[in-house]
Amino acid sequence: MEEKKIQIMDLLSYAIGIPEMKYFNLDSDELLDEKIEVLTQIKEGKTIAEIPNFYKVLEDLPEDDMWD
């Protein structure tokens, strides 16, 4: 698990500037594989629309306020 968290920390720098990332819970041990996959796709230059699980890994995203 620690290796995955280190990998997430390394990949997170590629997500700087994406406003939605404020809802990314770095302290959570949930969805580690999905977070790595999403961050890897961001690193590869894919857009949010091209990443199927992008919003799934934003654990702190308020569900009822998403479309306000």
Quick one: Leu26 ticks every box in (1) assigned to a helix (DSSP H, G or I); (2) under 12 Å from the mean Cα position of the chain (by Cα); (3) modelled with pLDDT under 95 except a single one, so which number is it?
(1)
Within the stretch 17-68, track down each residue that is closer than 18 Å to Lys5 by Cβ and among the hydrophobic types (A, V, I, L, M, F, W, C).
Met21, Phe24, Leu26, Leu31, Leu32, Ile36, Val38, Leu39, Ile42, Val57, Leu58
With the first residue restricted to the stretch 1-23 and required to be in contact (Cβ under 8 Å) with a residue 60 or more places away in the chain and more than 15 Å from Glu34 (Cα to Cα), and the second required to be open to solvent by less than 100 Å² (accessible area, probe 1.4 Å) and not in a loop (DSSP other than H, G, I, E, B), Cβ contacts under 7 Å at 6 or more apart or on different chains are none
By residue number, the members of the stretch 7-17 that are farther than 10 Å from Ile42 by Cα and open to solvent by less than 50 Å² (accessible area, probe 1.4 Å) are Ile8
Out of the stretch 42-53, which residues are within 23 Å of Glu63 (Cβ to Cβ) and either open to solvent by less than 80 Å² (accessible area, probe 1.4 Å) or touching a Leu at 6+ places or on another chain (Cβ under 9 Å) (or both)?
Ile42, Thr47, Ile48, Ile51, Asn53
Within the stretch 26-40, count every residue that is open to solvent by 60 Å² or more (accessible area, probe 1.4 Å) and among the aliphatic types (A, V, I, L, M).
1
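The values are calculated or read from the model by the stated rules, or taken from the named source; none is laboratory data. Nothing here was measured: the structure is a model prediction, and the numbers come from that model. No Cβ is skipped: glycine too gets one built from the backbone with ideal geometry, and neighbour counts run over all protein chains shown. Keep in mind that these areas ignore ligands, DNA and RNA; they rest on the heavy atoms of the full protein, side chains included. Shrake-Rupley method; radii C 1.70, N 1.55, O 1.52, S 1.80 Å.
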